[in-house]
Amino acid sequence: MCPAEQERIEPSPSRGIVHEKERILVVETNDLVLDLLQRWLGEAGYAVVVATSQRLPRAFGAKGKPHLVIIDVPTPRNAEEVITSVRKAYAGPILLLSARFRQGTDSSSDVPRQLGVRKVLPKPFTRDELLSAVQESIGGQ
């Protein structure tokens, strides 16, 4: 099988047509949430790469930079520091996850623009909310 064929997923009758795999780098410290993200994104046809923020440049590997970085920020006050660190290695779209943003911060507010990210997705979120946020983030490139 040639490399181009390896990058494609066959359409699933239950899932509809799947596009070529888009790489998503996920930085999440909670193993349960990470497992869920990997499963949901994988089922939707995305290629998922997992990394810690300290090893972000290595996570890109030989296949190049991802189409999207999804990163968990435990507290909004250190979000800017984390994003600045990620931006040193990656200039593309970032989807920010945080349980704290649900408390008094709507994801459709001005917060994404202020933080320089594509979108903020408050935890907990549903599969549909995640996939919608991912598509919106990648589609806005």
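We did not get these values from a lab; they are worked out from the coordinates using the rules stated. These numbers come from a predicted model, not from an experiment. Positions of Cβ are generated from backbone atoms using ideal geometry, with glycine treated the same way; all protein chains shown enter the neighbour counts.
If we count other beta carbons within 10 Å of each Cβ, what is the order of TYR90, TYR46, fewest first?
Values: TYR90 19, TYR46 25.
Listed from fewest to most nearby Cβ atoms, that is TYR90, TYR46.
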How do LEU95, LEU131 rank when sorted from fewest to most other Cβ atoms within 10 Å of their own Cβ? LEU131, LEU95
Taking neighbour Cβ counts within 10 Å as the exposure measure, how do VAL69, VAL82, VAL26 sort from fewest upward? VAL82, VAL26, VAL69
